[in-house]
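These notes are about the structure you will find just below.
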Amino acid sequence: MLAARLALAKACAGAGAAPGAVVLAADTVVALGSESLGKPLDAVEATQMLQRLRGREHVVITAVATARAEPLGGQMRTAGRVSRTRVWMRAYSDAEIEDYVGTHDPFDKAGAYAIQHSTFRPVERIEGCYLTVVGLPLPEVCELLAGAGLSIPRMTSSRLDALCPGCIDAMSLRS
């Protein structure tokens with residue numbers, strides 16, 4: 001899977017540069033049918049992606065990975081998790097697309113959109129973890145960091161609900 005390979009490659013590159021440190025990396029892909037949509041290269045591609053997603057369902061796949069290179073050329077220890085969320089886009093207008101692309105926000109986003117954008121708000125509904133669509137699913141991140149031996153604090157339910165409204169994947173994070 002593309003997102004998992006990219007997240008692992010990023011984590012390994014970082015760990016290679018900082019032996020002994022636990023490095024966390026993530027990558028997100030928007031899957032529209034059998035096609036993977038990454039980050040748009042320019043305004044034309046961003047507009048085309050948003051037009052194709054408009055009023056349709058797709059899946060957002062975010063992979064997270066950790067890597068730790070043992071000091072003195074030792075073994076690279078890695079782990080990874082993948083989270084998927086189904087997303088339904090609303091029927092936004094061409095004018096809304098033009099305004100949003102004009103903000104330059106789409107250029108560093110898989111699928112050319114941010115679910116959390118305060119004015120565009122392209123998403124009608126989701127099924128899964130909101131933070132997967134944002135690009136950093138906390139349940140998977142916490143699981144990986146704990147597996148790497150790091151102490152992860154618990155979150156209060158109200159704090160988690162503020163970060164990930166209605167998250168169905170976050171039971172293990174609640175205190």
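Which of the helices in the chain meet the span-like rule: DSSP H, Cα axial reach of 20 Å or more, Kyte-Doolittle mean at least 1.0? Walk me through the intermediate numbers first.
Working: long enough: 2-17 (23 Å, 1.19).
The qualifying helices are 2-17.
For the range 92-131, list residues with backbone N below 20 Å from a point placed 7 Å from the Cα of residue 42 toward its Cβ?
97-113
Would you tally the net charge around residue 77, using a Cβ to Cβ cut-off of less than 12 Å, leaving residue 77 out, and scoring K and R as +1, D and E as -1? Intermediate results must be reported in sequence, preceding the final value.
On the way: positive: 68; negative: 70.
It works out to a net charge of 0.
Under unit Cβ charges (Lys, Arg +1; Asp, Glu -1), what dipole magnitude, rounded to 20 debye, does the chain have relative to its Cα centre?
Charge dipole, the chain, about its Cα centre: 580 debye, nearest 20.
First measure r as the distance between the Cβ atoms of residue 154 and residue 21, then evaluate 1/(1 + (r/R0)^6) with R0 = 30 Å and state the FRET efficiency to the nearest 0.05. Display every interim value, and only then the final one.
On the way: r = 24 Å, r/R0 = 0.80.
That gives a FRET efficiency of 0.80.
Suppose the chain between residue 117 and residue 93 were pulled fully straight at 0.36 nm per residue; how much longer would it get relative to their current alpha carbon spacing?
Details: separation 24, 0.36 × 24 = 8.64 nm, distance 1.59 nm.
Separation in residues times 0.36 nm, less the Cα-Cα distance, equals 7.0 nm.
What's the exposure ranking of 151, 36, 83, going from fewest to most Cβ atoms within 10 Å? Working shown, then result.
Working: 151 6, 36 15, 83 24.
Going from least to most buried by this count: 151, 36, 83.
Calculate, for residue 56 and residue 136, the FRET efficiency according to 1/(1 + (r/R0)^6) with r their C-beta to C-beta distance and R0 30 Å; round to the nearest 0.05. Please list the in-between numbers first.
Values: r = 24 Å, r/R0 = 0.81.
For residue 56 and residue 136, the calculated efficiency is 0.80.
Just one of (i) 1.03; (ii) 0.93; (iii) 1.11 is Cα Rg over 2.2 N^0.38 Å calculated from these coordinates, so which is it?
Computed from the coordinates, Cα Rg over 2.2 N^0.38 Å corresponds to (iii).
Full-extension gain between residue 107 and residue 35, please, as 0.36 nm times their residue separation minus the C-alpha to C-alpha distance. Mind dumping the intermediate values first?
Numbers: separation 72, 0.36 × 72 = 25.92 nm, distance 1.85 nm.
Net length gain for the segment: 24.1 nm.
Readers should treat all values here as calculations from the given coordinates under stated rules, not as data from a laboratory. Here the structure is a predicted model, which is why all the values come from computation and not from measurement. When we count neighbours, we look across all protein chains shown, and the Cβ atoms used for this are built from the backbone with ideal geometry, even at glycine.
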